[in-house]
Every structure is written in C-alpha cells, then in structure tokens.
Amino acid sequence: MINLIRQVIKKALSVRQYHVASVLCQRAKVAMSHFEPNDYIRFDLLEKNINIVRKRLNRPLTLSEKIVYGHLDDPANQEIERGKTYLRLRPDRVAMQDATAQMAMLQFISSGLPKVAVPSTIHCDHLIEAQLGGEKDLRRAKDINQEVYNFLATAGAKYGVGFWRPGSGIIHQIILENYAYPGVLLIGTDSHTPNGGGLGGICIGVGGADAVDVMAGIPWELKCPKVIGVKLTGSLSGWTSPKDVILKVAGILTVKGGTGAIVEYHGPGIDSISCTGMATICNMGAEIGATTSVFPYNHRMKKYLNKTGRADIAILADEFKDHLVPDPGCHYDQLIEINLSELKPHINGPFTPDLAHPVAEVGTVAEKEGWPVDIRVGLIGSCTNSSYEDMGRSAAVAKQALAHGLKCKSQFTITPGSEQIRATIERDGYAQILRDVGGIVLANACGPCIGQWDRKDIKKGEKNTIVTSYNRNFTGRNDANPETHAFVTSPEIVTALAIAGTLKFNPETDFLTGKDGKKFKLEAPDVDELPRAEFDPGQDTYQHPPKDSSGQRVDVSPTSQRLQLLEPFDKWDGKDLEDLQILIKVKGKCTTDHISAAGPWLKFRGHLDNISNNLLIGAINIENGKANSVRNAVTQEFGPVPDTARYYKKNGIRWVVIGDENYGEGSSREHAALEPRHLGGRAIITKSFARIHETNLKKQGLLPLTFADPADYNKIHPVDKLTIQGLKDFAPGKPLKCIIKHPNGTQETILLNHTFNETQIEWFRAGSALNRMKELQQ
C-alpha cells in the first residue's frame with residue numbers, strides 16, 4: 001500500500017513538473033531555424049487569430065483553415081468564403097530556388113527597398129547539369145554559372161537573404177531539414193514547395209512577384225482555398241510506399257482536380273507514413289493542381305524534428321497540438337477515402353502524371369499501347385523522393401540483386417536530396433551499394449528531373465522508356481526528347497525495374513534469374529526511416545547575410561547575356577483592346593514547360609529578353625499541328641513563335657494567345673508570364689487556368705480570361721482578330737465582351753470571365769504589380 005501511494009505521488013509530481021515545464025516552454029521564444037536565432041515562431045499569434053475566426057464562423061475548422069486563417073492580416077474583418085473571397089495573408093517566410101530567384105531578386109531590387117521584411121533564403125539547385133557525376137558536374141556548374149551565383153550571393157548579402165551555395169541540395173529537402181515546421185505559412189518560388197506539408201506546414205508555390213510582395217512586407221493575396229479531404233485508413237506495407245498514395249490520388253483527381261483547393265490528409269492511416277513520406281505525398285500534390293497539401297502534426301513529425309536538431313520546435317508543437325490538427329466534425333468540400341492496406345504499387349505515365357497504372361498491369365498496357373517496354377534509364381532522387389528512407393529502400397533492393405550476382409540492366413542514376421543526405425548515405429554504405437549495382441551518384445541538385453540532363457544514350461526523336469521517382473513527366477520534360485516515354489513511381493520500384501530492365505516486371509510476383517542460373521524473388525524493402533546515428537551534415541554550404549550590408553555591391557553588367565535589369569512595363573492606356581492579333585491558338589495540354597522551356601534555357605532565367613526566345617516553342621499550333629510554327633498575319637509566312645511575336649511588337653501589333661484546359665499547369669515559373677508581356681502580349685484567353693500561372697499573368701499586367709462558354713473556343717480561328725471591350729468599367733465579377741472579327745467581314749460576340757479583384761485590377765491599370773507597388777510608395 002505504501003509503495004502504491006509512493007508511485008501515485010511520484011506520478012503526480014512528474015505530471016506537475018511536466019506541466020510547469022510545458023507552460024514555460026509555451027511562453028519561451030523558440031527560433032524558426034538555427035540560422036535565424038532572432039526570428040521566433042509565433043504560435044501565440046496563430047492561436048489568437050484562430051480563436052477570432054472560429055468565433056466568427058462558429059463551426060469546426062480543418063487544419064488547412066487553421067493555418068491559413070491563423071495568418072490573416074486582419075482576422076476580425078477578413079471576408080472568408082471558400083473558393084470565392086481573396087484572403088490577405090502574412091506568411092512567415094520565403095524560399096527561392098536559383099532559377100526563379102534571379103527574376104525575383106531583380107524585381108526586389110527594382111522596388112527600391114533596403115531589406116527583406118521576412119526571413120528569406122535562396123537555394124542553388126536548378127543550374128547544375130547532370131553529365132558525368134556529382135563532383136565533376138558541380139565543378140562545371142560553378143564555373144559556367146559563376147556570374148549568376150555571384151549575383152545571387154551578393155544580392156542575398158545586400159538585402160538580408162540567406163544563401164545556400166551550389167551543392168547544398170534541392171530547395172525542398174533543405175526546407176524540410178531546416179525551415180519547415182508544423183503551422184508555418186511559407187511561400188516558395190517553385191511549384192513543389194508543398195513538400196513542407198509533410199511537416200505540417202502550409203507551404204505554397206508562387207511566382208517571383210508574389211515573393212517580392214511578401215519580402216516587401218505587403219500582405220499576400222490568395223483566393224480562399226477549398227479543402228479536399230483524403231482519409232487514410234489501414235497501413236502501408238510491403239512494396240507499397242508513400243509515393244503510391246499520391247499516384248493513386250492523381251489518378252482520381254487528374255491534373256486539374258485539385259485546382260483552387262488544399263488537399264488535407266487525415267485518418268488513422270497517416271501514422272504508418274514517415275515524415276519524409278508525407279512530404280513526398282504533399283510534394284507531388286502540385287501535379288493535381290492543388291494550392292498545397294498538408295498532414296496533421298503527429299509523432300512521425302516529432303521524430304523527424306528531433307533527429308534534425310529541432311527538439312525545441314517539437315516541444316512547442318506538442319503544446320499547441322490542438323491548433324495543428326483538424327477539429328472533429330470539420331467539413332471538407334470533397335472527401336476521398338483510401339485504404340492503405342489495399343493500395344498496390346503504382347506507376348504513372350507516360351506524358352502526364354495522372355495516367356495511373358498498378359505496377360502489375362503497366363507492362364500489359366504498354367504492349368497494347370505500343371509504348372517501349374524496355375527501360376533505357378532508371379532515375380531515383382529529385383525533390384519528391386530523395387530522403388534517407390528513399391535511398392535506404394532502394395539500396396535494400398539493390399543489395400538483394402548484388403547478392404545474386406546481378407546489376408542493373410538499365411542505366412541507373414541517383415540524386416541525393418541534400419548535402420546532409422549525401423554525406424549520411426555515404427557514411428552508412430547506401431551510396432556504395434547503389435554504385436555497385438551500376439548506379440551513378442549525381443550532384444545534390446534537381447538534375448534530370450527538370451531537364452538538366454546531358455543525355456547521350458539516345459538521339460532526339462528516338463522512341464524509348466525511362467522510369468523515375470520524380471514528380472513530372474510531361475513531353476520532353478527530362479531530356480528534351482518528345483519520344484521519351486517517362487513514367488513516375490517510387491524509388492524502390494524504379495530500382496527493381498532498372499535491375500529487370502523492363503516494364504513487364506512486377507517485383508511482387510515475378511522472379512529474376514541470378515548469375516548462378518537460379519531464380520529468386522526480390523523481397524520488399526524494410527529499412528529505417530531515419531539514420532540510427534545522427535545525420536552527417538557534410539560540408540557547410542550556407543552563407544549568412546551580414547549584419548551590416550551597407551558596403552555590399554550588386555553588379556549587373558549591361559553587356560551580360562545571363563542577367564538584365566528590368567524596365568517597367570507600360571501602363572494601360574485607358575482604352576479597350578482593339579484588333580488583337582492571335583499569336584497562336586494552342587491545341588491540347590500547354591504547361592509552363594511548353595510556354596517557357598527549362599533545360600538549356602535555364603541559363604537565361606535572369607535575362608528577360610534572351611529567355612523570351614523560348615516563348616511557347618513547345619505549344620502545339622491548332623492550325624498546322626506543329627510546335628513552334630505559327631502564321632505571321634502580315635507576311636502570311638510560317639515561322640517560330642518568338643520571332644513572330646517580336647515582329648508584331650516591332651510593328652506595334654498587340655496580340656493574344658488562345659488556350660485550352662488547365663493552361664499553365666506545372667512549374668511556378670513566372671517567365672511564362674513575363675515573356676508574353678515583354679513581347680507585346682495583352683491577354684491570354686483559355687477554357688481554364690492553373691492557379692499559379694493565372695496569378696503570375698495578373699502580376700505582370702496581362703489579362704488572363706476564360707470563355708464564359710468553353711465551346712466558344714471553337715468559334716475562334718488563328719486568322720481572326722479580337723477586340724476586348726469593357727475595360728473602362730473593369731470590375732470584379734463583371735464579364736468582358738469579346739468581338740471576334742473573321743476575315744470574311746462577319747463578327748461574333750462572346751463573353752469572357754475573369755477572377756480579378758480590386759487590387760488585381762489596379763495591377764492591370766498600373767501595368768504590373770511591381771509598378772503598382774512603386775506608385776503606392778510615392
């Protein structure tokens with residue numbers, strides 16, 4: 001009895017001590033990251049704002065709503081209606097990759113502001129071409145991109161932006177390791193910024209102009225997102241991986257099914273997914289058009305925070321956990337249920353990330369469709385699947401093949417997600433196993449995932465198949481070859497298929513033949529999600545902005561072919577847009593890769609005039625079924641799209657683009673909006689837009705308009721001229737008129753819808769959002 005009493009007293013004292021410690025922790029200041037010790041997590045403000053909004057709405061809130069509404073600039077008065085109103089938000093931080101950071105920093109320099117208003121970082125990951133292997137490719141990239149890297153480093157130092165040098169890793173892995181945390185609102189100038197949702201944050205991809213707004217201390221506008229709930233039950237096991245969850249969801253929702261919505265995962269199944277696995281799922285949510293994706297805070301996130309040296313954030317998150325999970329009884333605009341115990345390994349493609357197949361069936365489908373079944377290259381890594389767990393699962397598969405004397409039949413490449421991952425998988429032996437099976441370890445960068453791949457094994461136009469653990473597989477995306485059939489799947493399935501060399505292999509049921517002639521079956525990988533020892537940080541690749549940057553120079557040579565200071569776009573002249581020439585009527589899918597190609601064009605991302613020479617070169621012209629071939633309405637000759645646009649601009653002819661469904665899906669690159677504006681475009685008229693691209697067009701003073709009746713797309717022909725009326729009375733929710741003038745003298749009138757609010761209309765009138773910012777400063 002006495003022992004029992006002692007135990008009760010001891011337990012009560014421990015609970016009391018924990019409670020006291022918790023209260024102190026709640027009131028303590030916890031830094032957002034190790035690199036910014038004086039910038040603190042404001043869960044107190046998040047809680048205050050959530051309580052204000054919950055009282056106003058008088059209903060349970062989803063996790064997405066808690067984090068988004070918790071960052072409202074004016075929670076007491078903000079009009080809130082999902083899918084309709086525009087929210088004014090105060091993000092916690094900004095992240096930029098080097099290809100988009102060039103234009104973002106050029107715009108920030110144009111603003112005339114002395115320092116960024118929120119913690120911001122630049123990450124050098126896009127300009128490193130995969131060619132020979134990690135160290136050699138990195139040295140080459142530093143040499144050929146020296147001018148750009150110097151600009152970004154000095155601009156970061158001048159304006160208070162942290163700089164991650166080339167070789168540090170892919171932006172989204174760096175963010176997960178250092179900057180993401182439960183409840184954060186982070187915007188990044190890359191479409192796969194939602195990766196941070198795997199750590200419970202709302203992380204949203206944007207264009208550079210949006211980033212400039214936030215860095216300037218201006219409230220950021222976002223249309224109030226709808227919320228799609230994905231309830232996960234059961235648990236992952238065997239060959240089924242986190243990647244299969246998003247491959248399945250992509251098959252259900254398609255590339256536009258998530259547009260205007262946040263995808264919120266919940267349910268008991270989430271506890272069977274690692275933190276980095278949740279990040280994989282959120283990352284590829286960009287492929288369904290979602291604003292972002294998010295998971296609720298749980299013990300898997302806490303484990304990851306502890307392992308990455310952020311136990312203080314985990315403790316704070318525990319205290320505020322009620323605000324980091326959805327309220328019971330909250331409402332979703334759409335609900336999808338997936339039983340993880342029944343989910344099978346998937347592989348999606350080719351040419352679109354929403355064409356979903358079970359791995360067991362893809363070989364049969366490929367033979368039926370005439371797709372090459374022999375796999376030329378297997379590629380693992382990318383921002384979607386380059387974690388320690390991903391590399392471990394792939395190495396576990398490779399190790400089994402090596403034990404039976406086998407190597408990969410296909411070429412095989414490995415891209416570590418960060419310097420920390422690279423150093424740790426080297427220490428723990430994973431990298432060597434992957435080399436031994438035939439792999440080449442590439443630099444810690446995006447590489448082939450974004451087209452930075454000097455591929456030598458095929459000729460352009462040669463039909464072939466590759467399998468990757470990447471996120472995107474649009475035509476020509478990885479190697480600029482339109483005949484490359486790219487499939488996306490999990491790293492372990494890529495590894496198994498690369499060993500077998502064919503899409504017809506199903507590791508769940510099929511056998512391989514070892515060097516000794518004996519048949520064997522690969523066992524599903526079962527490895528640690530995090531290293532047992534601490535992570536090896538590898539080389540120090542971070543540059544802190546100096547406290548005093550008054551003497552820092554940022555030089556842009558007027559003769560540079562890589563960088564160009566920006567000139568302001570012209571203001572609206574107050575008149576309707578008369579007799580617009582149609583530059584191109586696009587047939588079918590038109591992603592930002594079609595509008596502004598990556599790959600070799602990445603080197604011009606800081607030079608608007610030079611990169612404009614890739615405008616719409618990948619889009620298919622409905623008039624002749626060809627890419628980069630449009631009729632010049634004056635000369636009647638067919639020529640490249642950029643040349644025709646330049647001809648029109650030189651001769652004072654304003655023009656318009658006609659597009660199909662989900663125009664501008666894919667990357668967040670704002671060059672796809674800057675280029676048409678620079679070359680004289682005034683409007684883009686489509687059946688529908690992807691979210692980021694629509695916003696980017698508005699930011700640059702263009703008119704993104706949609707057919708009130710999608711069938712009106714068929715009324716317009718490339719030889720017509722268009723007049724857009726109603727701009728003098730331009731107002732939110734009020735359609736514009738479009739007069740179609742046919743060459744035979746007949747006319748038709750149609751209605752065009754838009755999603756402009758009052759602020760965005762001011763951007764149009766001023767010529768761009770940046771012009772409007774300068775007007776307000778005067």
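The values are calculated or read from the model by the stated rules, or taken from the named source; none is laboratory data. Bear in mind the structure is a predicted one, so any value in this text is a computation, not a measurement. Methodologically, a virtual Cβ is constructed for each residue, glycine included, from the backbone with ideal geometry; neighbour enumeration extends over all protein chains shown. These area figures cover heavy atoms from the full protein model, side chains too; ligands, DNA and RNA do not enter into them. Shrake-Rupley method; radii C 1.70, N 1.55, O 1.52, S 1.80 Å.
Structure above, values below:
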read-out: Tail fraction, Cα-Cα pairs, the stretch 353-521, threshold 26 Å, whole percent; value: 24 percent
read-out: The stretch 89-177 - convex hull of alpha carbons, volume per residue in Å³; value: 98 Å³
read-out: Protection proxy ranking, peptides 279-290, 668-679, average beta carbon neighbours within 10 Å, highest first; value: 279-290, 668-679
read-out: Paired Rg and Dmax values of the stretch 50-135, which use every Cα atom, in angstrom; value: 18.9, 59
read-out: Cross-link table LYS243/LYS307; LYS699/LYS741; LYS136/LYS519, entries beyond 27 Å C-alpha to C-alpha; value: LYS699/LYS741; LYS136/LYS519
read-out: Percent antiparallel among DSSP beta bridges (both partners in the stretch 641-778, rounded to 5); value: 60 percent
read-out: Ranked order, THR513, THR352 - accessible area, probe 1.4 Å, largest first; value: THR513, THR352
read-out: In sequence order, calculated HN-Hα J values of the stretch 740-750 (Karplus, 6.51, -1.76, 1.60; Hz; x Gly/Pro); value: 8, 9, 7, x, 7, x, 7, 9, 9, 10, 10
read-out: Cα-centred dipole magnitude for the stretch 695-744, charges only on beta-carbon of K, R (+1) and D, E (-1), debye, nearest 20; value: 200 debye
read-out: Computed accessible area, TRP371, all protein chains, 1.4 angstrom probe, square angstrom; value: 40 Å²
read-out: Residue-normalised accessible area of the stretch 353-521, given per residue in Å² at a 1.4 Å probe; value: 34 Å²
read-out: Segment ARG532-THR746, length gained on full extension (0.36 nm per residue, minus Cα span); value: 69.6 nm
read-out: Sites ASP318 and ALA708, calculated FRET efficiency, Cβ-Cβ separation with R0 35 Å, nearest 0.05; value: 0.10
read-out: Cβ-Cβ FRET estimate between LYS515 and THR364, R0 fixed at 25 Å, reported to 0.05; value: 0.30
read-out: Antiparallel DSSP beta bridges within the stretch 63-339, as percent of all bridges there, nearest 5; value: 15 percent
read-out: Pairwise FRET efficiency - ASN306 versus GLU523, Cβ, R0 = 41 Å, nearest 0.05; value: 0.85
read-out: Signed unit charges on C-beta, dipole axis of the chain, positive-most listed residue ALA28, THR85, PRO268; value: ALA28
read-out: Rg [Å, one decimal], Dmax [Å, integer] - the stretch 156-253, C-alpha atoms; value: 16.4, 51
read-out: Kirkwood-based Rg to Rh ratio, the stretch 577-776, C-alpha trace; value: 0.94
read-out: Residues in the stretch 502-544 reached by a label modelled at ARG427 [backbone nitrogen below 18 Å; 7 Å Cα→Cβ]; value: 528-542
read-out: GLU337-ILE144 pseudo-label distance in nm [points 7 Å out on the Cα-to-Cβ vector]; value: 5.3 nm
read-out: Ranked packing of 95-104, 514-523, most packed first, by mean Cβ within 10 Å; value: 95-104, 514-523
read-out: Rg to Rh quotient for the stretch 236-392, alpha carbon positions, Kirkwood Rh; value: 1.00
read-out: Charge dipole (debye, nearest 20) of the stretch 577-776; +1 at Cβ of Lys and Arg, -1 at Cβ of Asp and Glu; value: 340 debye
read-out: The chain: antiparallel DSSP beta bridges as a percent of all, rounded to 5; value: 40 percent
read-out: Label-point separation in nm, ASP271 to ASN58, each point 7 Å along Cα→Cβ; value: 3.6 nm
read-out: Helical contribution to [θ] at 222 nm, DSSP H n ≥ 4, -39,500 (n - 2.57), averaged over the chain, rounded to 500; value: -9500 deg cm²/dmol
read-out: Charge dipole of the stretch 63-339 about the Cα centre (unit charges at C-beta), most positive-ward option of VAL206, ASN283, PHE320; value: ASN283
read-out: Debye, to nearest 20: dipole size of the chain, +1 on Lys, Arg Cβ, -1 on Asp, Glu Cβ; value: 440 debye
read-out: Relative contact order [Cα under 8 Å, 6+ residues apart], the chain, whole percent; value: 13 percent
read-out: Between the stretch 496-540 and the stretch 730-778, the alpha-carbon center distance in angstrom; value: 55 Å
read-out: Gap separating the Cα centres of the stretch 48-88 and the stretch 97-150, nearest whole Å; value: 35 Å
read-out: Rounded accessible area of GLU775 (nearest 10 Å², 1.4 Å probe); value: 60 Å²
read-out: Surface share of carbon and sulfur [accessible, 1.4 angstrom probe, percent] for the chain; value: 50 percent
read-out: Order by protection proxy (mean Cβ within 10 Å, highest first), peptides 357-366, 199-208, 374-383; value: 199-208, 374-383, 357-366
read-out: Inter-probe distance in nm under a simple model that places probes 7 Å from Cα toward Cβ, at ARG435 and GLU775; value: 5.9 nm
